[in-house]
Amino acid sequence: MSESAYGKSSLDSLPKVISPTAHGIVDYCHAAFFFTVGIVCARTQNKAASRAAFGTSGFILLQALLTDYRLGAKPVMSFETHGKIDAVVAASSWAVPLLFGFQDTAAGKIFEINSLAEAGVVALTDWDSQRAHEERETA
C-alpha cells in the first residue's frame, strides 16, 4: 500500500506496530465510538451530526465485517484494500461536518480529530494482506 505513483511514501519509515488483528479491534471500537456519538448527538438535537455519526459507524462496521482478517465475518475484501479505504476516510473525515452543516459544533471537532487519529492508525498498521489472511486461518 505504501508504494504510490510517486514512489515510496515518507510513511514507509514509520514502524508498523499495529497488526491486522489489533487493527480489527481498533475498527470495532471505532464503529462503537461513532455509534455512541450518534446517540449523544440525537439526544442533543444535532440531527445532522447524528446522521453523519451513525453513517460513519455503519460504514466502519460493514468494512470490518467484510475484511479478510481475523475479526472479519465474511472476507470479501483484502486487508490491503481495507487500508486504502481507511486512508480515504482519514483524508476526508474532516470534511463531513462541512458537508452536513455542523462544522462549528463539538461533533464537528470529533470528525476533525478523527481525521488525525485515523491517519495515525493508517500510518502505523502493517497492511500485509497475506499476514492478515494467515492470522485469520490460524484463529
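Note that segment 68-74 has calculated 3J(HN,Hα) couplings of 7, 9, 3, 9, x, 8, 9 Hz, one per residue in order, obtained from phi through the Karplus relation 6.51 cos²θ - 1.76 cosθ + 1.60 (θ = phi - 60°); glycine and proline are x. What the phi angles of segment 20-28 give under the Karplus curve with 6.51, -1.76 and 1.60, with θ = phi - 60°, is a coupling list of x, 5, 4, 5, x, 4, 4, 4, 5 Hz, glycine and proline written as x. For segment 107-137 and segment 66-95, write down the distance between their C-alpha centroids in whole Å. Distance between centres, Cα-based: 8 Å.
Taking 0.36 nm per residue of separation and subtracting the Cα-Cα distance, full extension of the segment from residue 139 to residue 99 would add 10.3 nm. When shorter helices are ignored and each DSSP H run of at least 4 residues is given -39500 (n - 2.57), the per-residue value for the chain at 222 nm works out to -21500 deg cm²/dmol. Modelled this way, with points 7 Å down the Cα-to-C-beta line, the labels at residue 85 and residue 117 are 2.0 nm from one another.
Each Lys and Arg adds +1 at its Cβ and each Asp and Glu adds -1 at its Cβ; summed about the Cα centre, the chain shows a dipole of about 540 debye. Straight-line cross-link reach from residue 109 at under 15 Å between alpha-carbon atoms covers these aspartates and glutamates, not counting any fewer than eight positions away in the same chain: 118.
Values in this text are rule-based calculations from the coordinates and carry no lab data. The shown structure was predicted, so the numbers you read here are calculated from the model rather than taken from an experiment. Here Cβ is always computed from backbone atoms with ideal geometry, including for glycine, and neighbour counts include all displayed protein chains.
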